[in-house]
Amino acid sequence: MKERLFLIGGGGFIGKNLVRYLRGKYTISVFDKYIDDVYFAQYPEVKKTLMELDKEQISADVESPDYIINLASIVTAERDLGLFDSMIASNLKVLLNLYDRFKDDKRLKLFVQFGSSEEYGNDGSPFAETMREEPNSPYALVKQLTTNTAMMLYRNYKFPIMVVRPGNLFGPLQGKAKFIPYVIDSLKKGEALNVTPCEQKRDFIYADDFAWAIGKLLEHYTKAVGEIVNVSSGESISLKDIIEDCRKATDSESQVNYGALPYRENEIMDLRCSVAKLENIIRKEIKFDTRMRLKEMVAIQNGGG
């Protein structure tokens with residue numbers, strides 16, 4: 001019998017890719033306030049429940065899971081302080097609701113809470129999990145608050161939780177407003193790109209590589225409980241190199257206006273994460289080829305995927 005996996009907030013880009021990658025191994029249930037019925041029609045075996053995650057609890061009648069992955073969050077690069085209330089609701093309140101629902105569940109082996117590599121701030125790359133966080137945006141600050149809460153639940157109440165800090169995810173099904181899909185789409189259409197100087201570097205990770213790593217963490221859950229773990233490639237690539245690789249792969253003649261936009265205030269110039277802890281837990285060396293994956297992404301978008 002397959003183990004049961006709950007994806008909280010699993011109706012979005014990351015959740016869809018986790019379903020696609022992990023469905024053969026787990027019996028998966030998705031809980032979200034929006035479910036893409038067209039997409040999930042491909043996977044009739046996946047159970048889907050519509051619910052307001054910050055306001056409702058999963059019914060006590062639902063069969064207990066072996067694993068929970070909490071993806072619920074508002075993701076934004078905005079620095080608007082007015083976003084705090086909505087972000088706290090979509091992060092901290094969801095976590096506490098889930099804790100209250102599953103705190104006495106003896107079957108639960110691992111609860112995976114999503115943090116963010118942006119919690120580290122902009123100094124000290126490569127970032128290791130032992131470093132003090134210095135978040136410089138409302139999003140990163142709320143993520144840090146949620147991470148600290150998750151660790152408190154483990155320390156004080158032995159709740160089997162861990163925090164995953166992803167690199168910059170990209171891959172199939174990602175919204176076109178995100179950086180890599182936006183760049184590929186604009187280049188394919190021959191449209192000019194107005195961007196920053198793009199010297200900032202990011203630790204990108206392809207959706208399939210990320211899903212593989214998450215699967216490995218579930219397999220090694222006894223070593224993951226109570227830990228904060230970076231899940232990324234361990235390498236950083238400049239946004240300019242990403243654009244130029246995409247321009248070459250699409251054979252585009254689009255004009256790229258570097259420096260047309262300013263950097264954000266207190267911009268992170270090199271966001272690279274150490275993956276030593278991840279390697280130690282899953283007993284595998286991380287060797288993800290981001291540039292090869294970028295070519296795959298271009299091919300998928302060329303095919304209309």
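The values are calculated or read from the model by the stated rules, or taken from the named source; none is laboratory data. All values reported here derive from a predicted model rather than from experimental measurement. Don't worry about glycine lacking a Cβ; one is built from the backbone with ideal geometry, like all the others, and counts go over all protein chains shown.
Within segment 234-277, being out of contact with any strand residue (DSSP E or B) (no Cβ under 9 Å at 6 or more places or on another chain) and touching a residue at least 24 places away in the same chain (Cβ under 8 Å) holds for Cys246, Ala249, Thr250, Ser252, Glu253, Pro262, Tyr263, Arg264, Glu265, Asn266, Glu267. For segment 16-34, a tally of residues being loosely packed, with under 15 Cβ neighbours inside 10 Å and touching a residue at least 12 places away in the same chain (Cβ under 8 Å) returns 2.
When segment 210-257 is limited to residues that are among the polar types (S, T, N, Q) and surrounded by 15 or more Cβ atoms within 10 Å (Cβ to Cβ), the one that is nearest to Glu133 (Cα to Cα) turns out to be Asn230.
With a requirement of 2 or more residues that are acidic (Asp, Glu), the helices (runs of 4 or more DSSP H) lying completely within segment 156-253 that satisfy it span 207-219, 239-250. Residues that are among the small types (Gly, Ala, Ser) and farther than 13 Å from Gln200 by Cα within segment 235-283 comprise Ala249, Ser252, Ser254, Ala260, Ser274, Ala276, listed in sequence order.
Within the span defined as segment 145-164, one or more residues are crowded, with 19+ Cβ neighbours inside 10 Å, in contact with an Asp or Glu (Cβ under 6 Å, 6 or more places away or on another chain) and at pLDDT 95 or above. When Gln301 is tested against (1) in a helix (DSSP H, G or I); (2) under 21 Å from Trp212 (Cα atoms), just one condition goes unmet, and that condition is (2). Checked against (1) modelled with pLDDT of 95 or more; (2) under 19 Å from Ile214 (Cα atoms), Asp105 meets all criteria but (2).
Scanning segment 254-264 for residues that are of a type outside the set (Val, Ile, Thr) and part of a strand (DSSP E or B) yields Asn257, Tyr258.
State all residues of segment 86-140 that are of a type in the set (A, V, I, L, M), part of a helix (DSSP H, G or I) and in contact (Cβ under 8 Å) with a residue 40 or more places away in the chain; if no residue qualifies, say none. Break it down into steps so the answer makes sense when it comes.
From segment 86-140, those of a type in the set (A, V, I, L, M) are 87-89, 92, 94-96, 98, 108, 110, 112, 128, 131, 140; that's our starting set.
From what's left, part of a helix (DSSP H, G or I): 87-89, 92, 94-96, 98, 140.
If the condition is that a residue be of a type in the set (A, V, I, L, M), part of a helix (DSSP H, G or I) and in contact (Cβ under 8 Å) with a residue 40 or more places away in the chain, then Met87, Ile88, Leu92, Val94, Leu95, Leu96, Leu98 are the ones that fit.
Of the residues making up segment 258-280, those that are aliphatic (A, V, I, L, M), surrounded by fewer than 18 Cβ atoms within 10 Å (Cβ to Cβ) and closer than 19 Å to Thr196 by Cα are Ala260, Leu261, Met269. Checking Ile74, Ile69 one by one, the residue that is modelled with pLDDT of 95 or more, within 25 Å of Trp212 (Cα to Cα), of a type in the set (Val, Ile, Thr) and surrounded by 14 or more Cβ atoms within 10 Å (Cβ to Cβ) is Ile69 and no other. Of all the listed residues (Thr196, Thr250), the sole one being farther than 26 Å from Ile88 by Cα and in contact with a Phe, Trp or Tyr (Cβ under 8 Å, 6 or more places away or on another chain) is Thr196. Residue under question is Asn122, and the condition is that it be at pLDDT below 95 and either in contact with a strand residue (DSSP E or B) (Cβ under 6 Å, 6 or more places away or on another chain) or polar (S, T, N, Q) (or both); does it hold? Here the answer is yes, as Asn122 does meet what is asked. If the condition is being of a type in the set (A, V, I, L, M) and at pLDDT 95 or above, then segment 39-57 contributes Ala41, Val46, Leu50. Taking segment 94-132 as the range and being within 18 Å of Leu153 (Cβ to Cβ) and acidic (Asp, Glu) as the test, the residues that pass are Asp100, Asp104, Asp105, Glu119, Glu129.
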